[in-house]
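Reviewing the structure listed below.
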Amino acid sequence: MKVRTNVRTIALSLMLAGMASAVSAQPYTKAQYAADTKQAASRYAEDKKLCAEESSSSARMQCQRDAKAEYDKALAAAKADLKNVNAKPAACNDCGRVIAVNVEDKKGEGSAVGVIAGGVAGALLGNQVGSGGGRKLATIAGAAGGAYAGNKVEEHVKSSKVWHVKVQYDNGTQGEFTFDKDPGYANGDLVKSANGTIVRR
């Protein structure tokens, strides 16, 4: 009786080891699951025949319980492997793709420096025109015109470009990010939000 039980236990252990090896060697599929469950059922049927040959009823019952436990273990392992393969990856709420990239000219802002510099230059030029009261008027007009021109020149020098990148997230929402330099994104790029901006993924 003990010899038969040991042989049966060894056979079941080898079967389980073979199933685990097959799963690790290649992706687990429904076909593999069907083959494993069929093999487990066949092994269980053979074990029940061996159990029937036990000399006492208590030994037969114990043998049958052991065989059923091993069979259930084999089925549970196969189901777990199939479930793990079919499990969907967790949703990524921060993941999305670029749907638009727009470049905009950002107008520069003038400062007192441009106004003063332009005003001084304009006043000097105006002072060289006419004489007497006319020279004073020309100086004032030159200062005013120079201040305006100086302010506009400074605005032009400080003008720049900004890039607006619009993202469509996997969860259905949208977001827009602004960059002072070309981020290098194009429509269709896969990105992920991180620390207030976006990065490639």
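Tabulated data for the structure shown
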{"read-out": "Inter-label distance for Gln62 and Ala90, nm, one decimal - labels placed 7 Å from Cα along Cα-to-Cβ", "value": "4.7"}
{"read-out": "Inter-site label distance for Glu46 and Ser160 at 7 Å from Cα along Cβ, in nm", "value": "7.6"}
{"read-out": "Distance violations [Cα-Cα > 30 Å] among Lys106/Lys166; Lys83/Lys192; Lys49/Lys83; Lys83/Lys166; Lys161/Lys192; Lys106/Lys192", "value": "Lys49/Lys83; Lys83/Lys166"}
{"read-out": "Set of aspartates and glutamates near Lys30 by C-alpha distance (under 18 Å), chain-local residues within fewer than 8 positions excluded", "value": "Asp81"}
{"read-out": "Ranked list, fewest to most other Cβ atoms within 10 Å of each Cβ, for Glu46, Glu104, Glu54", "value": "Glu104, Glu46, Glu54"}
{"read-out": "³J(HN,Hα) computed for each position of the range 54-65 - Karplus, 6.51 cos²θ - 1.76 cosθ + 1.60, integer Hz, glycine/proline x", "value": "5, 6, 10, 5, 5, 5, 5, 5, 5, 4, 5, 5"}
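Values quoted throughout were computed directly from the atomic coordinates according to the rules given, and no laboratory measurement underlies them. Computed from a predicted structure; not experimentally measured. In this analysis, Cβ positions are derived from the backbone assuming ideal geometry, glycine residues included, and neighbour counts consider all displayed protein chains.
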